[in-house]
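The values are calculated or read from the model by the stated rules, or taken from the named source; none is laboratory data. Worth saying up front: this structure is predicted, and the values here are computed from it rather than measured. Every residue, glycine as well, gets a Cβ built from its backbone with ideal geometry; the counts of neighbours run over all protein chains shown. The protein model used for the area step is the full one, side chains on, heavy atoms only, and it has no ligands, DNA or RNA in it. Shrake-Rupley method; radii C 1.70, N 1.55, O 1.52, S 1.80 Å.
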Amino acid sequence: MPLNVKTIAVTAAVIFFFLTAFIGIAVGLSSFTCCKRAMAGAIIGYALTTVAVKALNSILINALVDEQLGQQEEKA
């Protein structure tokens with residue numbers, strides 16, 4: 001069963017946003033700079049997570065198809 005790409009990617013983007021924001025605040029950046037970097041981190045996190053989950057889904061689907069083909073060959 002494939003994983004839901006959008007919900008996982010949005011969750012990861014929110015985590016990346018707040019993580020980047022808190023790091024920026026801890027370093028002492030201005031609010032505007034911190035906000036820009038947090039938004040960039042969220043966008044990059046969303047994109048990377050989307051690619052990773054799609055790759056994982058592809059691997060899972062290929063494994064399921066191979067398993068089904070193996071079962072059909074054993075029956076025949």
Expressed as a whole number of Å, what is the distance separating the alpha-carbon centroids of the range 1-32 and the range 36-76?
21
Going by accessible area, probe 1.4 Å, with all protein chains left in place, what is the ranking of ILE43, ILE8, largest first?
ILE43, ILE8
Report, as a whole number in µm² per second, the diffusion coefficient that Stokes-Einstein gives for the chain at 20 °C and 1.002 mPa s using the Kirkwood radius over alpha carbon pairs.
148
How far is helix 5-27 tilted, in degrees, relative to the longest principal axis of the Cα atoms in the chain, given as a value from 0 to 90 rounded to the nearest 10?
30
Carbon and sulfur atoms: what percent of the 1.4 Å accessible area of the chain do they account for?
72
Output the 0 to 90 degree angle, nearest 10, between the alpha-carbon long axis of helix 31-75 and the longest principal axis computed from the alpha carbons of the chain.
10
Which FRET efficiency value, to the nearest 0.05, is calculated for MET1 and LEU48 with the Förster distance at 25 angstrom and r the Cβ-Cβ distance?
0.65
What number comes out for accessible area per residue over the chain if the probe is 1.4 Å? Units Å², please.
76
Let's see if you can work this out: charge +1 on each Lys and Arg Cβ, -1 on each Asp and Glu Cβ, no other charges. What is the dipole magnitude of the chain about its Cα centre, in debye to the nearest 20?
560
Could you give the nm distance between label points at ASN57 and ILE8, where each point is 7 Å from its Cα heading toward the beta carbon?
0.9
Would you work out which of MET1, GLN68, ILE15 lies farthest towards the positive end of the dipole of the chain, given +1 charges on the beta-carbon of Lys and Arg and -1 on that of Asp and Glu, about the Cα centre?
ILE15
Below 8 Å between Cα atoms, with a sequence gap of 6+, how large is the relative contact order for the chain in percent?
42
